[in-house]
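Trainee: My questions will all concern the structure given below.
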Amino acid sequence: MTALLDVDHVDKRYVLGGVLSREHVDAVIDADLSLQRDEPEIFTIIGESGSGKTTLARMILGLETPTSGQILFDGEVVPTRGSGKKRHAFMAQVQPVFQNPFEAFNPLKRVDRYLASTARSFLGISDHTAVDAAMDQALQKVGLSLAEVGGRYPHELSGGQLQRAAIARALVCNPSLLIADEPVSMVDASLRMAIVNLLKTLRDELDVHVIYITHDLATAYYISDRIMIMQKGRVVEAGPARAILDSPQHPYARLLKASVLSAEDAGHGRLTPAAELMRECNELAKRGDAGKLVSGTDGRQVRVYSR
Amino acid sequence: MISIVRDLIRYNIEFAIGLVLTTIIVIFACLSFFSPVNPNLVYTAIPDQPPSWQYWFGTNSRGQEMFWQLSFAFRNTLSFGVTVALISRVISIFVGLLSGYLGGWVDRILMFVNDIFVAIPIFPILILFYFVMRSNLNSFTLALVMACFGWPFDARLIRSVALGLRHREFTRQAVFAGMSPIKIMLEEHLPYVMPIIFATAMANMIWSIGLEVTLAVLGFTNINIPTVGTTLYWANNHSALVVGVWWWILIPVIILVMMFLGLFLLAVSLNEYIDPRSRLRRMGV
Amino acid sequence: MASNDVLEVRDLKAYYLMNYYGVTREVRAVDDITMSIKRNEVYGIAGESSSGKTSFIKVLAAAIRPPLEVVAGSAVYDFSGMRPIDVARASDADTDRIRWKYLSYIMQGSMSVLNPLRRIESTFEDFAARPLGLSGGALRQRVVEHLATLKLGPEVLRAYPHELSGGMRQRVTIGLATICNPEFIIADEPTTALDVVVQKDVLSLIRNLQRQMGASVILVTHDMSVHANMADRVGIMYAGRLVEDGPTRTLFTAPKHPYTAHLVASLPRIGDTARRPALEGRPPNLADPPSGCRFHPRCPLAIDRCKTEVPPLATVSQEHRSACWRADDVEPLVTADGDAGRDTVTA
């Protein structure tokens, strides 16, 4: 099997209240995606808050267990917390990048500590110089260096540098899959592109697969190969990124695209909300029909509903 | 280290005063190492002498020089208080961090034990220990027993901080950086817990010393060991105030108040200094 | 002060002066800003973290508290029926008089404005009763009418903030800010925490209300695409200074400052996969900003003069100012049609 990651009809249901409670929240319903080992790509999951994209990411990272379905990494079920050696081997291959770089590092501790720990833990090296070399190598890949970052506290670096350092930390152990959860939403606009371009470089030059989670369609268009749009836990449209974003078919996907503010025609205030589409989406939500995914011609899948 | 102390002295008046007071008491207590008098002997001096140039703190009805007596008393009391505070801090940090970070059944069991210790009334237990051990009850054993009762409240406080820290993103990143739970607890989370440690150590010391004094005054400890409590016991025993030997009670009480004040000021100012928020401000965040 | 201006800011300097454990820090958050806002205009302030825009807003909102201090300059409002008032040095009594009735604000994060323990109607009472001079039934009626224009039904009044969705809460916040028909509204990142669909809705609402009331809005956000669609004029702040300001279209199609050019060019758009340029360096430290032009360490056009002399905010053309020694050499990095230009701006 050359499948690197296989998410197979995964559900996640949270039960609220006590043992006898009936209340539940379906965070993810029937999610399906797979990544092939020899085709590094940037796979984007797009959704708004409450869409289930973060829950799905957490399940892939092994931080949550699916309620039904399974997630296979390299042919084996993703080990969740506390499975010892298997979990360790898994973490060496799959690493996260978090949204807020200033939160991702302990403000009271130096930044290189985490890189050193990753090196020692996953590369099995303990010699001081070997660890430094590994850190420097990873930092060079993101355009930084140990000289710049070593001995610094998080507040001494900019948001962009810090996020790149976080990516470098994830790269120290040479993982095959990087899960980036909204990596640029908290980074200043002038520094954002450096990181987005970096993700592209990771795919092109280092053969790292990236699952890029975002709500920003524009950056998704810029770097993704494939894309999956989620709404309220369900996949509504999935497939080749450019094709879908150029002409989305599902009403929600069309609504998202219509709501994106663009800088074209600046000063002329194109602010009319897409009322028609909003109405259509509300109708569909009210009907409560789950619909089903149907494959299209250009390799995409769209959720369609019975009339 | 020196520069930190220097900064604190210069800019934090509470720290300066606290340091002065505490240093005076500590020096006073350390003088006992050079005492020419054996504190366990009685009638080595003329009894009931008021403070004078010969006897700085006067003498008590048992014929002991108050100055040396109190020096030993404060040395024992201070070391007692510090021992209790230290041991109970260690237990509460351990329990609080483990329970907050690991959660699950570890948390449940530890908090169950915690609540038991909160519910057990300490006073009867201490008296029980006294009756069982009598004159074998030395300061260290008493300290140990008190330490076992001094940790529950603080463990819960620490646990609540640890619970909050568990969900912060740097904890998750630390996990993916391969840090073991122990390393995370001790290196990532402990700095956030330190302010609580300091504040509660102070409260703990006041509590334990107060309890010791109470037990001693009532005669439920080994009254042959000179401590602040036993001094007051003997003073009571000899009806010091009635007889007019006021310096036997007043002087130890004054020094005790000075000590508490000094420790309190130190704890408050150090606490403010090591609080992560103030540390971040100083670092220039 | 032109009678057309509702706000005139002159040479405004506001610093954070802090002395902590012997370490004195002077953070020059607002360093010499001169600009004005006309009546019935939406003025956008664009800037990133450490641009000083939040501190600037605090001064404008008359929310100046230590360690923030106004060191020099003035920010004068000219409201109808009142003497001009300089909020940089006005008394509390004066600012109380204008607050909410003439000057109001829409903050980021509606949950921090709405008291979670009080129903919406109580919050409206707290804010609006005194400025409007109404109470009881009359106030309630006014509120219901106003909420209707925001497409919110009267049942919202009895609700608690957590019972409403994020979008509805933000509408309530906008309703709060506009109920007294103020002449000047400060909107600080009003849609940053919102989903993209709700964002467009809320922004169009703000725009419509502004047009209806004839009020001026100062819209602060780092998101350039919001400015492109909302603002009539935009001011770009960098390191506590205003580096460019002018009509929106001009700034987006023909910017005359390298920072603006970069900000505009780095916006990714759907339908365009050309490589977007990235800016070198890091945002400035306001406690120790670079000498001369504060942008020079990151500027592709920097020359020696930029390191030593501060460029003044000079008029480039009608209503368009730029603080750059080489303003004439600035070319857009990417044209308005999305064709990728050269990756860096060359002389």
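Read-outs throughout are calculated quantities, based only on the coordinates presented, and are distinct from any laboratory measurement. Remember, predicted model here, so these are calculated numbers, not experimental data. Cβ sites come from the backbone with ideal geometry, for glycine too, and all protein chains shown count toward neighbours.
Trainee: With +1 on each Lys and Arg Cβ and -1 on each Asp and Glu Cβ, and nothing else charged, work out how big the dipole of region B:2-283 is about its Cα centre, in Debye to the nearest 20.
Mentor: My answer is approximately 600 debye.
Trainee: Once the Cα atoms of helix B:66-102 and of chain B are each reduced to a long axis, what angle between those two axes, in degrees from 0 to 90 to the nearest 10, is obtained?
Mentor: Helix B:66-102 sits roughly 20 degrees off the main axis of chain B.
Trainee: Would any residue of region B:66-107 have its amide N under 17 Å from a label point 7 Å out along Cα→Cβ of B:Ile46? List them or say none.
Mentor: What the label zone holds, given the 17 Å backbone N cut-off, is B:66-67.
Trainee: Could you give log10 I(q)/I(0) at q = 0.17, 0.19, 0.22, 0.33 Å⁻¹ for region B:1-44, computed by the Debye formula over C-alpha point scatterers of equal weight, without solvent?
Mentor: Here log10 of I(q) over I(0) equals -0.61, -0.67, -0.77, -1.04.
Trainee: Amide H to amide H, which residues 5 or more places from C:Val234 or on other chains are under 5 Å from it, using H placed in the peptide plane?
Mentor: Answer set, sorted by chain and number: C:Gly44, C:Gly246, C:Thr248.
Trainee: Restricting everything to alpha-carbon atoms, can you work out Rg to Rh for region B:2-283 with a Kirkwood hydrodynamic radius?
Mentor: 1.05
Trainee: Write down the Kirkwood hydrodynamic radius of region C:237-329, to one decimal in angstroms, obtained as one divided by the mean of 1/r over all alpha carbon pairs.
Mentor: Its Kirkwood hydrodynamic radius stands at 14.0 Å.
Trainee: Go through A:Thr44, A:Gly159, A:Thr55 and say which Cα lies farthest out towards the positive end of the charge dipole of chain A; charges sit on Cβ, +1 for Lys and Arg, -1 for Asp and Glu.
Mentor: A:Thr55
Trainee: Given labels modelled 7 Å from the Cα in the Cβ direction, how far is it in nm from A:Glu276 to B:Ser35?
Mentor: The two pseudo-label positions are separated by 9.7 nm.
Trainee: For the protein assembly as shown, how big is the tail of P(r) above 43 Å, as a whole percent of Cα pairs?
Mentor: Percentage above 43 Å: 48.
Trainee: Another question, then. Give the long-range amide H neighbours of C:Asn40: residues separated by 5 or more places, or on another chain, with amide H under 5 Å away, using H modelled in the peptide plane at 1.01 Å from N.
Mentor: Amide H to amide H, under 5 Å and 5 or more residues apart or across chains, C:Asn40 pairs with C:Ser216.
Trainee: Further, regarding this structure: Tell me, what HN-Hα J-couplings in whole Hz come from the Karplus equation 6.51 cos²θ - 1.76 cosθ + 1.60 at θ = phi - 60° for each residue of region C:158-165, using x for Gly and Pro?
Mentor: Karplus values, whole Hz, x for Gly and Pro: 7, 7, 8, x, 6, 7, 9, 6.
Trainee: Using +1 on the beta carbon of Lys and Arg, -1 on that of Asp and Glu, and nothing else charged, what's the dipole of region A:107-202 about the Cα centre, debye to 20?
Mentor: It comes to approximately 80 debye.
Trainee: Related question: If amide hydrogens are placed 1.01 Å from N in the peptide plane, which non-local residues have theirs closer than 5 Å to the one on A:Arg37?
Mentor: A:Ala3, A:Leu4
Trainee: Between B:Ile116 and A:Leu206, with labels modelled 7 Å along Cα→Cβ, what's the label distance in nm to one decimal, could you check?
Mentor: In this crude label model, B:Ile116 to A:Leu206 measures out at 5.1 nm.
Trainee: Right, another one. Which whole-Hz couplings ³J(HN,Hα) result when phi for each residue of region B:230-246 is put into the Karplus expression 6.51 cos²θ - 1.76 cosθ + 1.60, θ = phi - 60°, listed in order with x for Gly and Pro?
Mentor: Residue by residue, region B:230-246 yields 5, 4, 5, 4, 5, 4, 4, 4, 8, 6, 4, 5, 5, 6, x, 8, 5 Hz.
Trainee: Relative contact order for chain C: what percent, with Cα pairs under 8 Å and sequence separation of 6 or more?
Mentor: Dividing the mean separation by the residue count of chain C yields 19 percent.
Trainee: Next up: With n ≥ 4 as the cut-off for DSSP H runs, can you work out [θ] at 222 nm for chain B, using -39500 (n - 2.57) per run divided by the number of residues, rounded to the nearest 500?
Mentor: Result for chain B: -24000 deg cm²/dmol, rounded to the nearest 500.
Trainee: Just name one of A:Ser190, A:Gly150, A:Phe122: the one whose Cα is farthest towards the positive end of the charge dipole of chain A (beta-carbon charges, Lys/Arg +1, Asp/Glu -1).
Mentor: Farthest towards the positive pole: A:Phe122.
Trainee: Let me ask something else about it. Using the count of nearby Cβ atoms within 10 Å as a rough guide to exposure, how do B:Val90, C:Val316 rank from fewest to most?
Mentor: B:Val90, C:Val316
Trainee: Return the distance in nm (one decimal) between the two label points of a simple spin-label model at B:Ile125 and B:Val242, each offset 7 Å from Cα along Cα→Cβ.
Mentor: A separation of 3.6 nm, rounded to one decimal place.
Trainee: Need one number: the % of Cα-Cα pairs in chain C sitting beyond the 29 Å mark.
Mentor: Result: 43 percent of Cα pairs exceed 29 Å.
Trainee: Another question about this same structure. I need C:Leu117, C:Leu7 ordered by Cβ neighbour count within 10 Å, fewest first.
Mentor: By the 10 Å Cβ count, ascending: C:Leu117, C:Leu7.
Trainee: Using θ = phi - 60° and the Karplus relation 6.51 cos²θ - 1.76 cosθ + 1.60, list the HN-Hα couplings for region C:283-291 in order, rounded to whole Hz, with x at every Gly or Pro.
Mentor: Values per residue, Gly and Pro as x: x, x, 8, 5, 7, 8, x, x, 6 Hz.
Trainee: Right, here's the next one. Provide the FRET efficiency to the nearest 0.05 for the B:Ser79-A:Ala133 pair, computing r from the beta carbons and using R0 = 45 Å.
Mentor: Efficiency, rounded to the nearest 0.05: 0.35.
Trainee: Then there's this: For region C:237-329, calculate the relative contact order in percent as a whole number, restricting contacts to Cα pairs under 8 Å that are 6 or more residues apart.
Mentor: Worked out over region C:237-329, it gives 35 percent.
Trainee: Follow-up question, since we're still on this one. Could you list C:Lys256, A:Lys141 so that the one with the fewest beta carbons within 10 Å of its beta carbon is first and the one with the most is last?
Mentor: Going from sparsest to densest Cβ surroundings: A:Lys141, C:Lys256.
Trainee: Sorted from largest down, what three extents in whole angstroms do the Cα atoms of region A:68-206 have along their principal axes?
Mentor: Principal axes ranked by extent give 41, 36, 31 Å for the Cα atoms.
Trainee: Next question, about the same structure. Starting from the coordinates of the alpha-carbon atoms of region C:92-194, obtain the Kirkwood hydrodynamic radius over all distinct pairs and give the value in Å to one decimal.
Mentor: 13.7 Å
Trainee: While we're here: Dividing the convex hull volume of the Cα atoms of region C:44-152 by its residue count, what figure in Å³ per residue is obtained?
Mentor: Per residue, the Cα convex hull of region C:44-152 comes to 165 Å³.
Trainee: What Rg and what Dmax come out for chain A when only alpha-carbon atoms are used, in angstroms?
Mentor: 20.5, 66
Trainee: Then there is this: Let a ≥ b ≥ c be the square roots of the eigenvalues of the Cα gyration tensor of region A:149-300; is it rounded (a/c under 1.5), or, if not, prolate (a/b larger than b/c) or oblate?
Mentor: prolate
Trainee: In this model, which of C:Lys13/C:Lys58; A:Lys53/B:Lys183; A:Lys200/C:Lys200; A:Lys232/A:Lys257; A:Lys109/B:Lys183; C:Lys13/C:Lys101 are farther than 20 Å apart at the alpha-carbon?
Mentor: Distance filter (> 20 Å) returns A:Lys53/B:Lys183; A:Lys200/C:Lys200; C:Lys13/C:Lys101.
Trainee: Taking 0.36 nm per residue of sequence separation and subtracting the Cα-Cα distance, how much length would be gained by fully extending the chain between C:Thr24 and C:Ser112, in nm to one decimal?
Mentor: 28.6 nm
Trainee: So how tilted is helix B:104-119 from the main axis of chain B? Cα-based, degrees 0 to 90, rounded to 10.
Mentor: Tilt relative to chain B: about 20 degrees.
Trainee: Moving on to the next point. Quantify how strongly other chains surround peptide A:43-54 by giving the mean number of their Cβ atoms within 10 Å of each of its Cβ atoms.
Mentor: Taking all residues of A:43-54 together, the mean is 1.
Trainee: Using the alpha-carbon atoms, what tilt in degrees (0 to 90, nearest 10) does helix C:196-213 show relative to the longest principal axis of chain C?
Mentor: Helix C:196-213 sits at roughly 70 degrees to that axis.
Trainee: Any idea what % of Cα-Cα pairs in region B:95-231 are farther than 26 Å?
Mentor: Across region B:95-231, Cα pairs with separations above 26 Å total 39 percent.
Trainee: Given R₀ = 30 Å, what would the calculated FRET efficiency be for B:Arg134 paired with B:Arg168, taking r from the Cβ atoms and rounding to 0.05?
Mentor: Approximately 0.05, to the nearest 0.05.
Trainee: Still on this structure, I have one more. Let me have the relative contact order for chain B, percent, based on Cα pairs under 8 Å that are six or more residues apart.
Mentor: About 27 percent, as a whole number.
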